[in-house]
Amino acid sequence: MKVLVTFFSQSGNTKKIAKAIYEQASESEEAELKKLEDVSPGDTAGYDFIFIGSPLHSGSLAAPVKECLNQIQSGPGQKMAGFITHFAPAYPEQDMDRFAEPIKTVCREKEIEYLGCFDCQGFLTESLHEMVQKKMNLTDEQWADMVKQMTGRPNEEDEGNARAFAKKILA
Ligand SMILES: Cc1cc2nc3c(=O)[nH]c(=O)nc-3n(C[C@H](O)[C@H](O)[C@H](O)COP(=O)(O)O)c2cc1C
């Protein structure tokens, strides 16, 4: 099976998860790891399985990911799964479902089998801390707690979970 793992990543968190998924996929399949910028939508029809990854941007997939999804060309019997990183500790399942909606929609429209979406925390780039703390109206103490929780993420456990997710859906 030909597998494409593609991702958009500004500070490296989603890339880390992409690598873990790619390493897992490579154990049993012919896999390729590509930045979203290096994928032209026409190429995608040639893959049996596409993993597409995005950071969460303002409660939504990053704009380039949504754009790519809109243009994606499917092939017969194709399958797709998503992966998302976000700084917030944990989103309720309904929210994660909503965030993955653009992936599900493209799967419905283009007759691609949707196999789920992995998510985990990823450290928020330092330059945005002050702005986000203010926006969320958090005290210094509450924000310090938030920073503590996201520091070092994605960590080895997250990478292991991403590998397990890939292994399960590729089986
Ligand atoms: C513009 C922008 C908006 C963001 N919006 C959210 C958000 O709504 N919820 C959230 O949990 N994280 C949000 N984040 C944090 C990122 O999703 C998180 O740090 C992610 O792991 C970054 O991935 P990357 O390193 O692959 O770019 C935002 C980050 C940026 C830069």
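Averaging sequence separations of C-alpha pairs under 8 Å and six or more residues apart, then dividing by the length of segment 2-170, give the relative contact order as a whole percent.
Worked out over segment 2-170, it gives 25 percent.
What nm value, rounded to one decimal, do you get for the distance between residue 71 and residue 101 when each label is placed 7 Å out toward the C-beta?
In this crude spin-label approximation the distance works out to 2.4 nm.
Within segment 96-140, name every residue whose backbone N is under 20 Å away from a label modeled 7 Å from Cα of residue 155 along the Cβ vector.
Those under the cut-off are 119-126.
About the Cα centre of the chain, how large is the charge dipole given +1 on each Lys and Arg Cβ and -1 on each Asp and Glu Cβ? Please answer in debye to the nearest 20.
The dipole of the chain has a size of about 180 debye.
Which whole-number percent is the relative contact order of segment 1-54 (Cα, under 8 Å, 6+ apart)?
Answer for segment 1-54 is 58 percent.
Using the alpha-carbon centroid of each, what span in Å lies between segment 1-79 and segment 94-171?
Cα centroid to Cα centroid, the span is 15 Å.
So, by mean Cβ neighbours within 10 angstrom, what's the order for 140-148, 76-84 with the highest one leading?
Values: 140-148: 12.4, 76-84: 20.0.
The packing order, highest mean first, is 76-84, 140-148.
Compute the accessible area per residue over segment 112-168, keeping the other protein chains in place, probe 1.4 Å, unit Å². Before the final figure, lay out the partial values.
Working: 3720 Å² over 57 residues.
Value returned for segment 112-168: 65 Å² of accessible area per residue.
So which lysines can residue 35 reach, going by Cα to Cα under 27 Å and dropping same-chain residues fewer than 8 places off?
The reachable lysines, counting only those whose Cα sits under 27 Å from residue 35, are 2, 15, 16, 19, 66, 79, 104, 110, 167, 168.
List residues of segment 61-104, by number, whose backbone nitrogen lies under 19 Å from a label position 7 Å along Cα→C-beta of residue 138.
85-93, 95-96, by backbone N distance to the label point.
Expressed as a whole percentage, what fraction of the accessible surface of the chain belongs to carbon and sulfur atoms when a 1.4 Å probe is rolled over the protein heavy atoms?
Ligands and nucleic acids excluded, carbon and sulfur reach 46 percent.
The values are calculated or read from the model by the stated rules, or taken from the named source; none is laboratory data. Only a predicted model underlies this, so the values are computations on that prediction, with no experimental measurement involved. FYI the Cβ positions are ideal-geometry reconstructions off the backbone, even for glycines, and counts take in every protein chain you see. Surface areas here come from the heavy atoms of the whole protein model, side chains and all, with no ligands, DNA or RNA. Shrake-Rupley method; radii C 1.70, N 1.55, O 1.52, S 1.80 Å.
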